[in-house]
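Rule-based calculations on the coordinates, nothing more; no lab input. Note that the coordinates shown come from a computational prediction; the quantities given were computed from them, not determined experimentally. Heads up, the Cβs are rebuilt from the backbone with ideal geometry, glycines too, and the neighbour counts pull from every protein chain shown.
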Amino acid sequence: MRRFRDYYRRFEEMPPEEVSRELRARRDEERRRALSRVDPLDLSGTAWHEPPHPDAVNAATFALRRALNVYPDASAAPLRAALAERHGIAPERVALGHGAGELLRAACALLLRGGGDALVGWPGWQPLPELVEAAGGRALPVAPAPVEILARASARTRVVLLTSPSDPTGAALSRRALRDVCAGVREDITVVVDEALGEFGAAGEDAAGLVAELPNLLVVRSFSKAHAMAGLRAGAAIGPAELVARLAPSGGIGAPAQAAALWAASERGGEIAARRRAAAAAAHERLAAALAGSPLSALPATVPFAWISSDAEDGPAIAARLASAQVFVAPGRLWGDERHVRAALRGPAAIDRLAAALLG
Amino acid sequence: MAVPRNDPTDTGGLFIGRRPGTGPIHYRTPPERAGKRRRRADALLAVALLVAEALVVLSAFGPQPLGWLWVGSQVDYRSGSVFLGITVAFAGHVASVIVTLIVATRLDHVWRLLRRAAGHDQREGALGRIFMVAAIVAAIAFTVWLVLIEGPAPSVAPR
């Protein structure tokens with residue numbers, strides 16, 4: 001009889017008060033665990049840490065929903081015209097590609113087709129030497145200064161590859177220095193400037209503005225960094241018309257990428273990028289203030305990452321200490337530098353945590 | 001067949017998560033249901049219990065008042081006090097209605113357990129609906145008796 005009764009009692013529900021008590025206890029336990037858990041903080045990348053502006057997302061979404069069954073406009077005429085107007089050149093001198101990296105790869109493949117040397121401003125964008133080697137050329141690292149570059153240029157040199165502002169240091173090449181390089185090298189040497197971080201550079205010092213003036217200059221820009229559209233893979237090559245025409249992918253870039261990039265090329269898009277530059281500059285100031293008085297320091301810059309070193313320890317030691325605090329950065333040895341680490345600056349809370357981990 | 005209660009097509013997309021009151025029943029330990037035969041027997045037992053519950057509730061609307069009227073008349077006859085007769089009939093009826101509700105509530109609880117044991121996701125009892133139906137049936141029956149069978153005038157009065 002008891003077994004019989006117990007069988008049916010198993011189907012009795014718990015009273016609501018008891019359920020609430022159990023749920024509250026579970027919530028308290030989860031909170032306790034959440035407080036004791038330290039989430040990893042990945043500061044090894046350089047992409048902007050926030051989503052793109054809602055208007056850019058709307059533009060891409062509208063393009064996505066409108067006619068995904070048809071091919072996009074391969075010429076991307078409106079976007080090229082907008083970029084050309086901004087840099088004061090003809091639209092024929094602008095080509096679009098699937099991100100700055102893809103355009104740089106295409107440029108290396110084209111310019112180093114018969115082999116030859118590429119002088120790579122170093123430290124610069126880390127995959128550049130690989131792109132040169134893959135194209136059949138030889139990558140020769142060189143300090144990104146006109147004197148050094150002109151001294152190293154030889155009969156074998158085909159290309160000069162520079163990154164401005166530099167990834168990882170954030171140092172930017174001035175227009176004057178770039179004019180000196182372009183004028184100083186042989187006419188058949190193309191100076192390629194990776195200006196993916198161009199919006200973070202000083203106003204009026206961008207390399208793209210020199211394209212109309214310097215016939216051997218090719219500038220590659222990106223919508224991934226200051227416009228926070230890394231996922232859309234959109235970039236632009238600006239340079240001699242006959243050269244950029246050969247860099248563009250057949251079929252052009254996707255319609256959502258075109259639509260979002262067209263918004264980014266607008267005045268409003270420029271304002272948002274300028275706001276992000278100001279935020280990056282403020283982030284550098286915040287980090288510098290936190291590290292003041294310690295052996296640690298970051299190179300002053302306005303890019304969304306910091307090139308950090310210490311008088312007391314080397315780069316691997318800094319990276320290891322940060323990793324023990326669940327903060328992960330890019331080690332300087334990726335650029336052959338054992339003194340530095342590169343850390344993304346991802347907003348005040350992340351900067352404070354980075355500073356605490358650096359000092360702790 | 002179990003039908004999802006949080007299907008957006010069912011809710012018009014209003015409740016993206018779970019609709020209020022549609023959460024799972026919280027058991028102390030997840031009950032393991034018996035075999036098919038046992039579940040069928042439980043289902044039959046649940047039907048029998050539902051009938052019993054309905055009869056118990058219905059008794060509160062007819063047999064019990066009549067019974068207490070008879071008891072009251074007996075008290076009146078034996079004591080010679082009309083007041084005492086009415087008081088006993090009224091108090092007795094109130095007490096028996098309370099007892100009926102207690103019994104019906106327990107039967108309803110057991111009915112819910114049997115339904116769950118039979119494999120149904122039984123959340124609510126049937127007492128409320130039984131009570132409502134019984135009241136309607138009683139009201140109709142009383143109206144038929146009053147208007148059609150007996151008539152509004154006393155039976156001893158000349159027609």
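Overview of results
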{"quantity": "Likely footprinting exposure, B:PHE142, A:PHE305, B:PHE131, fewest C-beta neighbours within 10 Å first", "calculated": "B:PHE142, B:PHE131, A:PHE305"}
{"quantity": "Ranked list, fewest to most other Cβ atoms within 10 Å of each Cβ, for B:THR100, A:THR157, A:THR190", "calculated": "B:THR100, A:THR157, A:THR190"}
{"quantity": "Selected from A:ALA228, A:ALA320, A:ALA343 as most flexible by GNM, with chain A as the system and alpha-carbon contacts under 10 Å", "calculated": "A:ALA320"}
{"quantity": "Environment charge of A:ARG32, counting only residues whose C-beta is closer than 13 Å and scoring Lys/Arg +1, Asp/Glu -1", "calculated": "+3"}
{"quantity": "Neighbour-count order for B:ILE98, A:ILE89, A:ILE351, A:ILE238, fewest beta carbons within 10 angstrom listed first", "calculated": "B:ILE98, A:ILE89, A:ILE351, A:ILE238"}
{"quantity": "Percentage relative contact order, chain A, counting C-alpha pairs under 8 Å, at least six apart", "calculated": "21"}
{"quantity": "Global form of segment A:126-222, assessed from the alpha-carbon gyration tensor, a/c cut-off 1.5", "calculated": "oblate"}
{"quantity": "Cα-based equivalent ellipsoid of segment A:252-298: semi-axis lengths in Å, sorted from largest, via gyration tensor", "calculated": "36, 12, 5"}
{"quantity": "Global geometry of segment A:114-168, whether rounded, prolate or oblate, following the gyration tensor of its Cα atoms and the 1.5 cut on a/c", "calculated": "oblate"}
{"quantity": "Most mobile of A:VAL193, A:VAL19, A:VAL220 in a GNM of chain A (Cα contacts under 10 Å)", "calculated": "A:VAL19"}
{"quantity": "For segment A:49-180, diffusion coefficient by Stokes-Einstein and Kirkwood Rh (Cα), 37 °C, 0.692 mPa s, µm²/s", "calculated": "189"}
{"quantity": "Restricting segment A:45-144 to trypsin sites (Lys or Arg not before Pro) in coil, as DSSP defines it, with at most 14 other Cβ within 10 Å", "calculated": "A:ARG113"}
{"quantity": "Debye log10 I(q)/I(0) for segment A:259-356, one point scatterer per Cα, at q = 0.12, 0.14 Å⁻¹", "calculated": "-0.44, -0.56"}
{"quantity": "Debye log10 I(q)/I(0) at q = 0.19, 0.27, 0.31, 0.35 Å⁻¹ for segment B:33-72, Cα point scatterers", "calculated": "-0.62, -0.82, -0.91, -0.99"}
{"quantity": "Segment B:41-159: radius of gyration over Cα atoms, expressed as a fraction of 2.2 N^0.38 Å", "calculated": "1.38"}
{"quantity": "Where N is the number of residues in segment A:76-126, Cα Rg divided by 2.2 N^0.38 Å", "calculated": "1.42"}
{"quantity": "Kirkwood-Stokes translational diffusion coefficient of the protein assembly as shown, alpha-carbon pairs, 37 °C, 0.692 mPa s, µm²/s", "calculated": "107"}
{"quantity": "Mean ellipticity per residue at 222 nm, deg cm²/dmol - from DSSP H runs of n ≥ 4 across the protein assembly as shown, formula -39500 (n - 2.57)", "calculated": "-15500 deg cm²/dmol"}
{"quantity": "Cβ-defined net charge surrounding A:ASP117, 14 Å radius [Lys, Arg +1; Asp, Glu -1]", "calculated": "+4"}
